[in-house]
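The values are calculated or read from the model by the stated rules, or taken from the named source; none is laboratory data. Small disclaimer: the values here were computed from a predicted structure and weren't measured. Backbone-built Cβ (ideal geometry, glycine too); neighbour counts: all protein chains shown. Surface areas here come from the heavy atoms of the whole protein model, side chains and all, with no ligands, DNA or RNA. Shrake-Rupley method; radii C 1.70, N 1.55, O 1.52, S 1.80 Å.
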Amino acid sequence: GGMTDHIAGPHMIPNVQGTRALFFVREMLRSMLGCTRAATTAAAEAGTIDDLADGLAKSCQERASGRSFHCDQCHRAFSQKLGRCPVCCPRQQSQQQRQQTPPREEVKHTTSTASSSSSSTPKPDEVLQEWRSYPSAPLDDSDWRSMSGVLWAHGGSGGVGLLKRPSGILCLKKCSPEELFAQRLAHALGVRVADMRVIDPSSEEAGSLRLNVKHASPAAGESDSLPVKSILRFEFLCVMEFLDGVGMMGMPAHDYLKKLEGTAEPRPWRELGRLMAFDMLVNNLDRLPLAWSNEGNLSNIMLGSSVGTVVGIDQGAAPIKHEDGLQRFLQRVRQAVREARDGEGKAFGAVVEAIFNNTGMQLAPGEVADMRQGCLDFARELAGSVEGPVGLLDNALDEVCREVRGCFARQQTCDEVVSSTRTMVQRVAAAMQEEVGR
C-alpha cells in the first residue's frame, strides 16, 4: 500500500500511466525480489512479479484516470470508495467504541499521572547517595534471601555491585588469586585495605547469591542492569566491605582535604605513604605512581572513612616473572625508598603531581615529608620482619599462600601465580631492607 501511494501519488500521476506504470512497477519489484528471493526459480519468480505488478499498475491507472478525489478544503487525495475526505470529515465512532475509548481529558490525565509517577521514582544516583549513609553489612552472613536491592557503583577498577541487606550494604565483584593475595598480605602487615571474602563457586551459597542478585537487580533496559548482571558471568566472586568516605578524586576529595586544614583531625599523608610502600611490595601499579610510569588511579583510595583515614580498595599483586623486568622494578623500589629516607625526588614528585591533578590540592613540604615518613616506616617494619628471628614475613606469606591456593584450587594457573608472587615479594622486601640499612 505504501509503495502504491508513493508510485501513484499526486506528484507522479502524470508520469505513471498504463504501460509505463506496469513497466516501472515490474522492474522495481524484479530488483527487490531478486535480492530477497534468489532461491526461487525463474518461472515462479516471474509469475509472482507479474501478478504483483499487474495489481499495482491497475491501482496506479485508477488513480491516474480520475477515480480518486481531492478535498476542496485540504486538497488531499482520497479514494472514491470513502466518499469523503477522511481528514476533514472523520468517520463517527459507534456508541460501543465511544464507551471503550476514554475522553481526551481522561487520557491526558492518565498520561500525566503515569509521568508524574515515573518522575517521582528515585534515580540510581539518588538511591546510591542514600545507600552511602548505611553501614557495611557483616561479611560472614551467607543467607542471601534477605537481599532487597542491587545497585552499580562506578569507580575503582571498573566499579562494583552494591547489595542491600537488612544489616547494611556489601560490595560484590569478581575476584582473582592476585587480589586475594594482596588483600590478605596487607592485612597481615598492618596496612588498612577493604576486607573481603571469596565465595566458593561450588557451594550452595554461590547459587543462592547469584539467584538473589538476579531477582533484586534493576529491570532489563535500566542503566545499572547490564553491569550488575555481567558480574555473574565470572566463576569466582567475592563480597567486600562497604566503605563510607570519599574516593581520592574530584571535588569531594578536594573538599574533604580542604576541610582538614586548620583542624586537629588526623591527616592522611603518613598513612598514604604506608599504602604506597605496600603497593611496591606487591607491584600494585593501579593506585599511585611512586615506582611506575603512569598517572595512577586515585579512585582506589578512600579518604575519611569511619574505619580509617586512608583505606585501599581494589589492590592486586602483579608478579614479574621476567628477570630483566624484575631487576628494573627493583631499581625503582630502591630509588623510592632512598627518596623516602633522604629527601624528595623524581618518584615522590610524580605522586605529588598525581594528587594535584586528581584533587586540585598542592601539597605543602610538610605534607610531602609526612608521606615520605610513612613510606619509610613501612620499609623499616618490613626489614625488621625479614631479618627477625621468627621470620614474620615468611610466616605471613605461608598463611596467605595457603588460603589463596585453597580458595582458587579450581583455577589451573593459581599455583603458578602464588609461587611467582611470593618470590617477587621476597625479592622486593630484600631490596627495601638493603636500602633501609644503608
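Taking LEU376 as the residue in question, decide whether it is assigned to a helix (DSSP H, G or I), in contact with a Ser or Thr (Cβ under 6 Å, 6 or more places away or on another chain) and either of a type in the set (Ser, Thr, Tyr) or under 21 Å from ARG332 (Cβ atoms) (or both). Please lay out each step first, then the result.
Numbers: assigned to a helix (DSSP H, G or I): yes; in contact with a Ser or Thr (Cβ under 6 Å, 6 or more places away or on another chain): no; either of a type in the set (Ser, Thr, Tyr) or under 21 Å from ARG332 (Cβ atoms) (or both): yes.
Criteria not met by LEU376.
Read through the list (1) closer than 13 Å to ILE355 by Cα; (2) at pLDDT 95 or above; (3) among the charged types (D, E, K, R), then give the number of the only condition that GLU295 fails.
(2)
May I ask you to list pairs of residues, at least six apart or on different chains, whose Cβ atoms are under 6 Å apart, with the first in the stretch 302-314 being under 20 Å from VAL198 (Cβ atoms) and the second being among the hydroxyl-bearing types (Ser, Thr, Tyr)?
VAL311/SER305; ASP314/SER157
Given GLU205, GLU235, which one is part of a helix (DSSP H, G or I), of a type in the set (D, E, K, R), open to solvent by 10 Å² or more (accessible area, probe 1.4 Å) and touching a residue at least 24 places away in the same chain (Cβ under 8 Å)? First the steps, then the outcome.
Numbers: GLU235 fails: part of a helix (DSSP H, G or I).
Just one listed residue meets the conditions, GLU205.
Quick check on ASN395: is it open to solvent by 20 Å² or more (accessible area, probe 1.4 Å), closer than 29 Å to CYS238 by Cα and in a helix (DSSP H, G or I)?
Against the criterion (open to solvent by 20 Å² or more (accessible area, probe 1.4 Å), closer than 29 Å to CYS238 by Cα and in a helix (DSSP H, G or I)), ASN395 qualifies.
Looking at the stretch 300-358, which of the residues that are within 26 Å of CYS175 (Cβ to Cβ) and in a helix (DSSP H, G or I) is nearest to the chain's Cα centre (by Cα)?
This residue is ASN300.
Search the stretch 276-299 for residues being under 15 Å from VAL351 (Cβ atoms) and assigned to a helix (DSSP H, G or I), and hand back the single one that is nearest to the chain's Cα centre (by Cα).
LEU298
Can you confirm whether the stretch 249-258 contains a residue that is open to solvent by less than 70 Å² (accessible area, probe 1.4 Å), touching a residue at least 24 places away in the same chain (Cβ under 8 Å), farther than 27 Å from LEU376 by Cβ and not hydroxyl-bearing (Ser, Thr, Tyr)? Full working, then the answer.
Narrowing the stretch 249-258 to residues open to solvent by less than 70 Å² (accessible area, probe 1.4 Å): 250, 253-254, 256-257.
Restricting the remaining residues to those that are touching a residue at least 24 places away in the same chain (Cβ under 8 Å) gives 250, 253-254, 256-257.
Going one step further and asking which of them are farther than 27 Å from LEU376 by Cβ, we end up with 250, 254.
So of that shortlist, the ones also not hydroxyl-bearing (Ser, Thr, Tyr) come out as 250, 254.
Checked the stretch 249-258: at least one residue is open to solvent by less than 70 Å² (accessible area, probe 1.4 Å), touching a residue at least 24 places away in the same chain (Cβ under 8 Å), farther than 27 Å from LEU376 by Cβ and not hydroxyl-bearing (Ser, Thr, Tyr).
Does SER217 qualify as being at pLDDT below 90, in contact with a helix residue (DSSP H, G or I) (Cβ under 6 Å, 6 or more places away or on another chain) and either of a type outside the set (Lys, Arg) or open to solvent by less than 50 Å² (accessible area, probe 1.4 Å) (or both)? Break it down stepwise before answering.
On the way: at pLDDT below 90: yes; in contact with a helix residue (DSSP H, G or I) (Cβ under 6 Å, 6 or more places away or on another chain): yes; either of a type outside the set (Lys, Arg) or open to solvent by less than 50 Å² (accessible area, probe 1.4 Å) (or both): yes.
Yes, satisfied.
Within the stretch 337-358, track down each residue that is in contact with a Phe, Trp or Tyr (Cβ under 9 Å, 6 or more places away or on another chain) and in contact (Cβ under 8 Å) with a residue 60 or more places away in the chain.
First pass over the stretch 337-358, keeping only residues in contact with a Phe, Trp or Tyr (Cβ under 9 Å, 6 or more places away or on another chain): 339-340, 350.
Passing the criteria: ALA340, ALA350.
How many of the residues in the stretch 250-270 are of a type outside the set (Asp, Glu) and assigned to a loop (DSSP other than H, G, I, E, B)? Even if it seems obvious, please write down each step before you answer.
The first filter runs over the stretch 250-270 and keeps only residues of a type outside the set (Asp, Glu), leaving 250-254, 256-260, 262-264, 266-270.
Next cut, assigned to a loop (DSSP other than H, G, I, E, B) only: 262-264, 266-268.
Total satisfying the criteria: 6.
MET361 fails exactly one of the following numbered conditions: (1) assigned to a helix (DSSP H, G or I); (2) at pLDDT 95 or above; (3) surrounded by 17 or more Cβ atoms within 10 Å (Cβ to Cβ). What is the number of that condition?
The number of the failed condition is (1).
When only residues in the stretch 401-421 that are of a type in the set (A, V, I, L, M, F, W, C) and assigned to a helix (DSSP H, G or I) count, which is farthest from the chain's Cα centre (by Cα)?
Initially, the stretch 401-421 is screened for residues of a type in the set (A, V, I, L, M, F, W, C), giving 401, 404, 407-409, 414, 417-418.
With the extra rule that they be assigned to a helix (DSSP H, G or I), the set shrinks to 401, 404, 407, 414, 417-418.
Details: CYS401: 30, VAL404: 26, CYS407: 25, CYS414: 26, VAL417: 26, VAL418: 28 Å.
Looking at residues that are of a type in the set (A, V, I, L, M, F, W, C) and assigned to a helix (DSSP H, G or I), I get CYS401.
Answer with yes or no whether LEU272 is modelled with pLDDT of 95 or more, surrounded by 16 or more Cβ atoms within 10 Å (Cβ to Cβ) and either at negative phi or not small (Gly, Ala, Ser) (or both).
Spelling it out, LEU272 is indeed modelled with pLDDT of 95 or more, surrounded by 16 or more Cβ atoms within 10 Å (Cβ to Cβ) and either at negative phi or not small (Gly, Ala, Ser) (or both).
When the residues of the stretch 153-182 are narrowed to those that are open to solvent by 30 Å² or more (accessible area, probe 1.4 Å) and farther than 18 Å from PRO201 by Cα, which ends up modelled with the lowest pLDDT?
My answer is SER157.
Whether any residue in the stretch 328-341 is in contact with a Pro (Cβ under 7 Å, 6 or more places away or on another chain), open to solvent by less than 60 Å² (accessible area, probe 1.4 Å) and not polar (S, T, N, Q) is what I want to check.
First pass over the stretch 328-341, keeping only residues in contact with a Pro (Cβ under 7 Å, 6 or more places away or on another chain): none.
Within the stretch 328-341, not a single residue is in contact with a Pro (Cβ under 7 Å, 6 or more places away or on another chain), open to solvent by less than 60 Å² (accessible area, probe 1.4 Å) and not polar (S, T, N, Q).
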